[in-house]
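Bear in mind these aren't lab numbers, they're just calculated from the coordinates by the rules spelled out. These figures come from a predicted structure and were not determined experimentally. Note: ideal-geometry Cβ built from the backbone for every residue, glycine included; neighbour counts use all protein chains shown.
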Amino acid sequence: MLCGLGSIPFVVASYFISACRLHDLDKTGWLSLIFLIPYANVPWGIYLLFAKGTEGPNQYGPDPLQQLNNR
């Protein structure tokens with residue numbers, strides 16, 4: 001029971017991190033709910049890990065890599 005309660009913050013944090021990554025790919029954050037589907041979450045995670053983000057700003061904000069290169 002304690003392990004289940006202790007993992008809740010990590011699940012919530014991973015949802016927010018994957019939503020930010022999806023915004024970098026110019027996709028909606030709701031797609032991060034795919035991680036709840038067994039056997040679909042592994043290829044989805046690999047896609048999020050290796051997919052190249054959109055060049056320049058998108059509807060979710062500026063390109064974070066451009067901000068790093070401008071420093």
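Tabulated data
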{"read-out": "The chain - percent relative contact order, Cα under 8 Å, separation 6 or more", "value": "25 percent"}
{"read-out": "Per principal axis, descending, Cα span of the chain in whole Å", "value": "47, 25, 19"}
{"read-out": "Distance (nanometres) between label positions extended 7 Å along Cα→Cβ at LYS52 and CYS3", "value": "4.2 nm"}
{"read-out": "Residue with peak Gaussian network fluctuation, the chain [Cα springs, cutoff 10 Å], from ILE17, ILE34, ILE46", "value": "ILE46"}
{"read-out": "Projected label distance in nm at LEU25 and VAL12, using a 7 Å step from Cα toward the beta-carbon", "value": "2.5 nm"}
